[in-house]
Structure formats: structure tokens, C-alpha cells
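The values are calculated or read from the model by the stated rules, or taken from the named source; none is laboratory data. For clarity, every value in this text was computed on a predicted model and none was experimentally measured. Virtual Cβ from ideal backbone geometry, glycine too; neighbours counted across all protein chains shown. When the accessible area is computed, the model is the full protein with side chains, heavy atoms only, and any ligands, DNA or RNA have been set aside. Shrake-Rupley method; radii C 1.70, N 1.55, O 1.52, S 1.80 Å.
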Amino acid sequence: MLQTWVVRPLLELAYVLLGLWVGILTFTVVVTMLALGVGLLPVFLLGVPVLVATVYVVHGFAVMERGRAETFLDVHLPPRPLRTKPGSGWFGRLLLRLRSPELWKETAYSLLLLPIGVLGSSLSLALYSAAFAGLLLPLYASHLTGGEVITWLHWNDTLEVVTGFLLGAVLLVLARVVTSGLAAGQVAVARALLSPTESDALRAQVTQLTETRARVVDAADAERRRIERDLHDGTQQHLVAIAMNLGRAKAKLDSDPEGAKELVTQAHQDAKDSITALRNVVRGVHPAVLTDRGLDAALSALAARSPVPVRIDVDVAQRPSATVEAVAYFVVSEALTNVAKHSQATRATVHVERVGDRLRVAVSDNGVGGATAQPDSGLTGLRDRVRAVDGTFHLQSSPEGGTTVSVEVPCAS
């Protein structure tokens, strides 16, 4: 109740009134910088750095306005994505921004904010002033000079005071409605000029999914080659050794029984090594324990094999789909592998929980930190695998120490 009738109206009024002062700032700065930049262009191109600075100032105003809408009205306005090319430096990004419609929409918003702010603040202040003048009329009516409280009414003073009070109450409701509409109008303008349209968002999503699919296909091909290499260098060599030892044992069975026995013993050991190698290969493809017993058991098995002590915390009351479980498993597996190889950590923590329709996975360690998702690295492969199922991937690794890999994956069941 307090939020609806007191806090929310005050935030909307503050948003509308602040729009005037922000509009004065953005209009003055942008017009001044544009005029100065264009005016100095003939003078040895001195206007170029001014215009470049204008591009970044306008973008900064757009970021500020998105933050203002979220702070006062709790409205999230996603930024318009700048479609950059891989490897483009700051100059390339600058040229793309100059050619992009996002820059001109941000500039238009910086200029339009002043008239919008003037209109909105004037209406809101006028309505709220008139409303409170009527509501407080019983307090100061006796101090008014003249024979009438309301000059255009020729009633007795008491009736005029009551009428003024009722008019103030009506104006207060009207001011509340109008201010809410003005705030919504400002947000609508900001959304239209500072945030991607539905087609832009869909285009960006399609582009991201296309790129992610290509990287996932490459990762799957690399995984296939790894399996082939493991089978060729490991299991196949053991099987060849078994065949050779058994063949030699067969040849010595009559002439040298003791030697044949040693060869059979060696072949038996090679057979056990082959089984171990095959299990490792199968575990890398998809562990059976994950299918049979779920994430808790599969991650506990990972922790048991890790050379770094790992604490597992799994809170998943309802199992998600097999795809989501596989993604979560390989995120933890790759993260723990990186911890063991690169972090120099003495302990790690794995936390998995299901919150609503999302599965959250976090892997933390107390290692040296400074990890980055380099191209063709394991972390980049994890990010692509997560994004392929519409998940989010975050890497936090401070140079002072400590790394946390956080993943959220939607799960339908």
C-alpha cells in the first residue's frame, strides 16, 4: 500500500522533474560540442577530436539515462548492441559507431530530452501545486484577504473551502495519473531510441546462435578427434600388446611354460589397462553415473578424482533434462581441470542449485587468478556450450587471486 500510493508516485515525480535538468545538461553539452566540432573542422581539422569526444559523450548520456530509468522506475532498458567485427580495435569500433543508427538515435534522445522534460515537469508541478493548494486550503483560508475564498464562486466561505478541498483531492488524483503517464512516456521514448527493437534483438540473437552453433560444431569435431586419438594412442596400443603377448605365449606354451605364463600375466595386465582406458574415454563422452544417479553423484565422482580438494554442494530437488545435466557436468569437469592445471589452488568449491526454471552452477577456487577466456581455450568452449542452450556464462578472476565460473542454464523440466 505504501509502495503504491506514496513511494511509487514520489519516484515517478522525481524521475519526471529530474528529466528537465538532465535535458538541460544533455541538450547544452551535445549542441555545444556539435557546433564547436563542426566549426573547427576548417581549422586544420581541429574539430575531429571534438566530434570523436561527442560520440562518446552521447553514448555516456545514453548509459546514464538507462541507469536513471532503472534506479527510479525499476525499468531495465537493455543497450543496443554494437555489431563489431572480431579483432577490431577502438578505431574500428569508432567507425562502426559512426555508421550505426544507434549513435544518431542516442543523439536524438539527448536533444529531445529537454522539450520532454520541460513539458513533463511543467504539467506535474502545476497539477501537484494546484492539488496541494486545494488540500491545504482549510489551513490558510482564514488568512486570505478579501470577501471570497474562491473569487469565481459566490458562496459562503465554508462551502468554498470544502469545494476547494475537494477540487484539491481530485487534482491530486489527476496529478498522480498524469505524472505516471508522463514517466511512462519518457520511458517509452528512451526504450524506442536507446534500446534495441524486437527485430534488432531477434537479429542479434540469431547472429549469436549462428556463431555459437559454428563454435559448438568445431568443439564437437575437436572432441571427436580427441576420442579418436585416445583410442588410437591408448586402447589400441594396449590391445595390440595383448595380441602380441598372447601370440608369443602360444608359441612358448610347450617349450617354455614359465615364459608363456609371464606373457599371459602381462597380457592380463594390458587387458585391465585397456578397460581403464576405455572407461576414461567413455567418461569423457558422457558418464553413466550422470544418467543413472544424477548430478550429485556424478559431481561427487569428479571431486573424488580431482587432485585439489573439492567441496560439493548440490541442491537440485527436481532433476532437469539430460541436456542441461550434461552441460552442468561438463562445466564443472572443465573448471576443475583448469583448477588442477593452472590455478595452483589448495581448495575448490562447487555449488549447484535449481532456482525456479534455471539451474545455477558456480565453481570457485583460491588459486592465483587472472584467468581469461582466450580463443580456442577450454573456457571459451564452455561459454559456447552454455550459450548453445540459451544459458549465461560469467568468469570472475581477479589478478589478486581467486577464480569463479558462474553459469545459469534454463531447464524446462
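Pairs under 8 Å by beta carbon, first residue within 24 Å of Gln318 (Cα to Cα) in the stretch 280-301, partner open to solvent by 60 Å² or more (accessible area, probe 1.4 Å) and at pLDDT 75 or above, six or more apart or different chains?
So the pair list comes out as Thr291/Ala322; Gly294/Arg319; Leu295/Arg319.
Based on this model, can you work out whether Leu51 counts as in a helix (DSSP H, G or I) and open to solvent by 30 Å² or more (accessible area, probe 1.4 Å)? Even if it seems obvious, please write down each step before you answer.
On the way: in a helix (DSSP H, G or I): yes; open to solvent by 30 Å² or more (accessible area, probe 1.4 Å): yes.
Considered against the rule, which asks whether it is in a helix (DSSP H, G or I) and open to solvent by 30 Å² or more (accessible area, probe 1.4 Å), Leu51 comes out as yes.
Taking the condition surrounded by fewer than 17 Cβ atoms within 10 Å (Cβ to Cβ), touching a helix residue (DSSP H, G or I) at 6+ places or on another chain (Cβ under 7 Å) and within 20 Å of Glu408 (Cα to Cα), does Ala373 pass? Steps first, please.
On the way: surrounded by fewer than 17 Cβ atoms within 10 Å (Cβ to Cβ): yes; touching a helix residue (DSSP H, G or I) at 6+ places or on another chain (Cβ under 7 Å): yes; within 20 Å of Glu408 (Cα to Cα): yes.
Here the answer is yes, as Ala373 does meet what is asked.
Would you mind stating whether Gly134 is modelled with pLDDT under 80, of a type in the set (Gly, Ala, Ser), open to solvent by less than 50 Å² (accessible area, probe 1.4 Å) and part of a helix (DSSP H, G or I)? Even if it seems obvious, please write down each step before you answer.
Values: modelled with pLDDT under 80: no; of a type in the set (Gly, Ala, Ser): yes; open to solvent by less than 50 Å² (accessible area, probe 1.4 Å): yes; part of a helix (DSSP H, G or I): yes.
Criteria not met by Gly134.
In the stretch 314-329, what count of residues is obtained for those that are acidic (Asp, Glu) and open to solvent by 60 Å² or more (accessible area, probe 1.4 Å)? It would help to see each step written out before you state the result.
Quick first cut of the stretch 314-329, residues acidic (Asp, Glu) only: 315, 325.
With the extra rule that they be open to solvent by 60 Å² or more (accessible area, probe 1.4 Å), the set shrinks to 315.
Count: 1.
Answer yes or no as to whether Val29 is surrounded by 14 or more Cβ atoms within 10 Å (Cβ to Cβ), under 26 Å from Leu13 (Cα atoms) and over 30 Å from the mean Cα position of the chain (by Cα). Give the derivation first.
On the way: surrounded by 14 or more Cβ atoms within 10 Å (Cβ to Cβ): yes; under 26 Å from Leu13 (Cα atoms): yes; over 30 Å from the mean Cα position of the chain (by Cα): yes.
In short, yes.
Of everything in the stretch 234-250 that's open to solvent by less than 80 Å² (accessible area, probe 1.4 Å) and either over 26 Å from Leu278 (Cβ atoms) or free of Cβ contacts under 8 Å to residues at least 12 places away in the same chain (or both), which residue is farthest from the chain's Cα centre (by Cα)? Outline the logic, then answer.
Of all residues in the stretch 234-250, those open to solvent by less than 80 Å² (accessible area, probe 1.4 Å) come to 234-235, 238, 240-243, 245, 247, 249.
Then drop every residue that is not either over 26 Å from Leu278 (Cβ atoms) or free of Cβ contacts under 8 Å to residues at least 12 places away in the same chain (or both), which leaves 240, 243, 247.
Details: Val240: 51, Ala243: 55, Gly247: 61 Å.
Residue satisfying both the conditions and the ranking: Gly247.
Among residues belonging to the stretch 330-361 that are loosely packed, with under 13 Cβ neighbours inside 10 Å and not hydrophobic (A, V, I, L, M, F, W, C), point out the one that is modelled with the highest pLDDT. First the steps, then the outcome.
Of all residues in the stretch 330-361, those loosely packed, with under 13 Cβ neighbours inside 10 Å come to 341, 346, 355-357.
Going one step further and asking which of them are not hydrophobic (A, V, I, L, M, F, W, C), we end up with 341, 346, 356-357.
Values: Lys341: 84, Thr346: 88, Gly356: 83, Asp357: 85.
Once the filter is applied, the top-ranked residue is Thr346.
Could you tell me which residue of the stretch 390-411 is modelled with the lowest pLDDT, considering only residues that are under 13 Å from Thr323 (Cα atoms) and touching a helix residue (DSSP H, G or I) at 6+ places or on another chain (Cβ under 6 Å)?
This residue is Cys411.
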